[in-house]
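Below is one structure; the comments refer to it alone.
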Amino acid sequence: MGKRVAPGIEKLGEQHYRIWWTEQGGRLRSKVFRGPLAQAKKSRRAILESIERREYVVTSKKTLRDFRDEYIRARRLKQDGSPGTLKRYESLLGGTLDEHLGWRRLQEIEDAHIDEYYLWALENEETRYRDESGDLRKVSPQTIIKRHQALKMLLKDAVRRREISKNPSDTVSPPPRRRPEGVAFEASEVKTILAAMEGGLAVKVRVAFFTGLRRSEVLGLRKTDLALDGDRPTITVSGKVLEGDGPLRWAPFPKSYHSKRTIDIDTETRDVLKAWLKEQARRRIALGRAWEHPELVFTTAAGRIVSPNDLSRDFRRVIVALAGDGSIETRGGTFHSTRHTHATILLKTGVRVSVVAERLGHKDEMTTLLYYSHVIPKEDGHAVRAFVDAIAAA
């Protein structure tokens, strides 16, 4: 025991003190302080003031992993986010992030720990994908940015629950955000790809190419969403297929309320859809009551919901084969590339950004420009001539 030199302060040695205080709930706590007595008094006073303001954080041995599990579980119980979104959060907050930081006590994590992990991941972490030379690819800066966003959101909730006093990720700088550029196929390649597809896959891929719908939106189309009669056929995006921990299900709301939209389609796509619905009706009659989802445009052969991952896998298999035999030159295309292709071709041909944004279901034109400004034809020459002509005519 040291010598008491002030209320709640014991002297242990030269500029060496132990500070005592009582936490909320009556538990007596202490910490060792090195420095002059005046600073020790100031430190204790700051603790007492934080308790009065109800900003004090009770000491806890809870790890980042413990709090992450609580956070995800609470959001699942509250249905705060789709199953797919919550599964994505688990993935981002797991893996190497969990290995490097998950074991640390939540209250001991500092910005230096987070920054050190990001640098390690960028330099050492490998993905399951291979580059053209056959080597495993390193994790991308974009992935680190997504992990940072998820971690920042998690620690923000920890501050809200008074598990920690401040968010250490606030002072961490992730890799700089770069303009995302998705893989888009050339117009000639679209014809080649569609010719190589068969059956229901061909119809799904055509709808995706000619509308820009996301894969979950394509699979979530209902027969009531199609208006195929008349001179102006349309498709209404009113829902999507959700793929989470449980069984596949149809959700009545797309990615965001901006995604709910009605767009025009061409007459050839309309005719393809009509023929598909007739074929589907024939199969449904043959299967009888076992057909589970008669309301959906696209189902499995047994009338069940199609998995988005299965759709991507089937599409990718055809694309890899076409690229392998030289039928197409574009490499790295995925099912989402159909969406990029739709937007890219429209913008290159001069369609207004506002129209493209509406077809894609973007929040506003700025979102579309973030992804596709590099493909919009430059009109600097026209701008120069327009200004010169206006001045000359004044």
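The values are calculated or read from the model by the stated rules, or taken from the named source; none is laboratory data. Values in this document were obtained by computation on a predicted structure and should not be read as measured data. Cβ: placed from backbone, ideal geometry, glycine included. Neighbour counts: every protein chain shown. Surface areas here come from the heavy atoms of the whole protein model, side chains and all, with no ligands, DNA or RNA. Shrake-Rupley method; radii C 1.70, N 1.55, O 1.52, S 1.80 Å.
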Can you tell me how many residues in the stretch 335-373 are farther than 29 Å from residue 195 by Cβ and open to solvent by 20 Å² or more (accessible area, probe 1.4 Å)?
13
Which of the residues that make up the stretch 244-296 are open to solvent by less than 40 Å² (accessible area, probe 1.4 Å), modelled with pLDDT of 85 or more and not basic (Lys, Arg)?
263, 265, 269, 273, 276, 280, 291, 296
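Residues are listed down the side, and each one gets a yes or a no for (1) of a type in the set (D, E, K, R); (2) open to solvent by less than 70 Å² (accessible area, probe 1.4 Å):
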position: 150; (1), (2): no, yes
position: 157; (1), (2): yes, yes
position: 163; (1), (2): yes, yes
position: 169; (1), (2): no, yes
position: 198; (1), (2): yes, no
position: 201; (1), (2): no, yes
position: 213; (1), (2): no, yes
position: 217; (1), (2): yes, yes
position: 220; (1), (2): no, yes
Among (1) surrounded by 13 or more Cβ atoms within 10 Å (Cβ to Cβ); (2) under 19 Å from residue 59 (Cβ atoms); (3) out of contact with any helix residue (DSSP H, G or I) (no Cβ under 8 Å at 6 or more places or on another chain), the one test that residue 28 misses
(1)
Just checking, which of 332, 326 is under 20 Å from the mean Cα position of the chain (by Cα), among the small types (Gly, Ala, Ser), exposed (fewer than 14 other Cβ atoms within 10 Å of the Cβ) and assigned to a loop (DSSP other than H, G, I, E, B)?
332
Scanning the stretch 55-85 residue by residue, those open to solvent by 70 Å² or more (accessible area, probe 1.4 Å) and without any contact (Cβ under 8 Å) to a residue 12 or more places away in the chain turn out to be 73, 76, 77, 78, 79, 80
Within the bounds of the stretch 377-394, is there any residue that is assigned to a loop (DSSP other than H, G, I, E, B), over 25 Å from the mean Cα position of the chain (by Cα) and among the β-branched types (Val, Ile, Thr)?
no
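Please pick out the residue among 151, 119 that is in contact with a Leu (Cβ under 7 Å, 6 or more places away or on another chain) and of a type outside the set (Asp, Glu).
Numbers: 119 fails: in contact with a Leu (Cβ under 7 Å, 6 or more places away or on another chain).
Sole residue among the options that is in contact with a Leu (Cβ under 7 Å, 6 or more places away or on another chain) and of a type outside the set (Asp, Glu): 151.
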Among the residues of the stretch 173-195, are any among the polar types (S, T, N, Q), outside any helix (DSSP H, G or I) and either touching a residue at least 12 places away in the same chain (Cβ under 8 Å) or in contact with an Asp or Glu (Cβ under 6 Å, 6 or more places away or on another chain) (or both)?
yes
Can you find a residue that is surrounded by 15 or more Cβ atoms within 10 Å (Cβ to Cβ), in contact with a His (Cβ under 7 Å, 6 or more places away or on another chain) and farther than 24 Å from residue 331 by Cβ anywhere in the stretch 175-192?
no
